[in-house]
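What follows is one structure encoded as structure tokens, with my remarks underneath.
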Amino acid sequence: MFLISKLVWIFAQPLSLAFFLVFFALLAGLLRWRILSILGAAGSALILFVTLYTTAGNLLMQGLEQRFAKPTDPDSLQCMIVLGGAFENEVNTARHGIEFNAGADRFIEALRLAQKFPQSRILVSGGDGSISGIYEGDAAVSERFFPLFGVGRDRLIEERQSRTTFENAVNTKEFLASQGLSNCLLITSGFHMPRSVGIFRKLGIDIVPWPTDYRTDGQVRLGLDFTQPNLNAQNLATAIREWYGLVGYYLAGRTSELYPG
């Protein structure tokens, strides 16, 4: 399942689909299939236009982010679960540093809460999610990150084996049981929260959704946007990938419902 999901995404993301349609159009042109060549080129152009020059990706992202609102800070906090996906694992493995990607807010928020609630435990769930499996994951890097800001290693619980969100939940359940912890905050990106909550609910793990790492302002409308094609493409790819995950996990029986909220 892990390898299949990786391969599906390589070929099914918007820019890959646009490329394959161009390739199909060229091949059809060489074979003098004029109508098919035109359809392939037009389909590729349409995908590229929607991906680069519309707010479609931001709108999809906004819908995912708004499924769960972040509550106000609790009076007390026993534990928090931080899902991996915030570190540049290839770079950190090579340079032994602490380099973040766009999901850095997951760990910044966890650090804020850890400093506000010094009695709380922090379970970081995240191994190497690459196909090769040769890099250190978020859990390993967190052991270097948190102590820099006064959070002792004795407060950390590192789950280093998971490669997917489903494995995050399965392995986390075992760690929580062994540590006697329950009703923890679940910290992950807002767009990733629906799928994460669905999996945790399916496994009977009591959590409090704690979304962070918002990519939209909550006021996006469908329209044209020629100012930031790179960001538009990134957000559309991220949102579509999340929807692939929601549908795939639901069909596989790994989530409690198609679109948890």
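Values for this structure:
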| quantity | calculated |
| --- | --- |
| Cα-centred dipole magnitude for the range 79-212, charges only on beta-carbon of K, R (+1) and D, E (-1), debye, nearest 20 | 360 debye |
| Cα-based shape type of the range 1-98, given that a ≥ b ≥ c are square roots of the gyration tensor eigenvalues and the cut on a/c is 1.5 | prolate |
| The range 181-259: radius of gyration and largest Cα-Cα distance (Dmax), Å | 14.8, 48 |
| Dipole magnitude (debye, nearest 20) for the range 132-173, charges at Cβ of Lys, Arg, Asp, Glu | 60 debye |
| The chain: most fluctuating residue of LEU148, LEU185, LEU236 per GNM, C-alpha cutoff 10 Å | LEU148 |
| In sequence order, calculated HN-Hα J values of the range 188-205 (Karplus, 6.51, -1.76, 1.60; Hz; x Gly/Pro) | 7, 5, x, 5, 8, 5, x, 5, 4, 4, x, 5, 5, 5, 4, 8, x, 9 |
| Residue among SER125, SER189, SER76 with the largest mean-square fluctuation in a Gaussian network model of the chain, springs linking Cα atoms under 10 Å | SER76 |
| Unit charges at the beta carbon, dipole of the chain: most positive-side option, ALA94, THR54, LEU231 | THR54 |
| Rounded, prolate or oblate (a/c below 1.5 giving rounded, otherwise prolate when a/b exceeds b/c) for the range 60-209 by Cα gyration tensor | rounded |
| In nm, spacing of pseudo-spin labels at ARG153 and GLU174 (7 Å Cα→C-beta vector) | 2.2 nm |
| Proximal aspartates and glutamates to LYS70, defined as alpha-carbon separation beneath 16 angstrom and excluding residues fewer than eight positions away on the same chain | ASP105, GLU109, ASP213, ASP217 |
| Surrounding net charge for CYS184, when Lys and Arg each add one and Asp and Glu each subtract one, Cβ distance under 10 Å | 0 |
| Efficiency of FRET from Cβ geometry, PHE49 and PHE11, R₀ 22 Å, rounded to 0.05 | 0.60 |
| Separation in nanometres of the label points that stand 7 Å from Cα toward Cβ, at LEU27 and ALA94 | 3.3 nm |
| Neighbour net charge for MET61 - beta-carbon separation under 10 angstrom, K R +1, D E -1 | -1 |
| Within the chain, helix-based [θ] at 222 nm, where runs of 4 or more DSSP H residues each add -39,500 (n - 2.57), nearest 500 | -16000 deg cm²/dmol |
| Derived scalar couplings ³J(HN,Hα) [the range 11-21; Karplus, 6.51 cos²θ - 1.76 cosθ + 1.60; whole Hz; x for Gly, Pro] | 9, 9, 6, x, 5, 5, 4, 4, 4, 5, 5 |
| Local net charge near HIS96, Cβ-Cβ under 14 Å (Lys/Arg +1, Asp/Glu -1) | -3 |
| The chain: projected area of the alpha-carbon convex hull, averaged over directions, in nm² | 15.9 nm² |
| Selected from GLY180, THR165, GLY152, residue furthest toward positive end of dipole (the range 79-212; charges at beta carbon) | GLY180 |
| Gain upon complete extension [SER256, ILE131; 0.36 nm per residue less C-alpha separation] | 42.3 nm |
| Per-selection metrics, the range 95-144 (Cα): Rg and Dmax in Å | 12.3, 38 |
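Just so you know, all these numbers are worked out from the coordinates, no wet-lab data involved. No experiment lies behind these values; they were computed from the predicted model shown. Don't worry about glycine lacking a Cβ; one is built from the backbone with ideal geometry, like all the others, and counts go over all protein chains shown.
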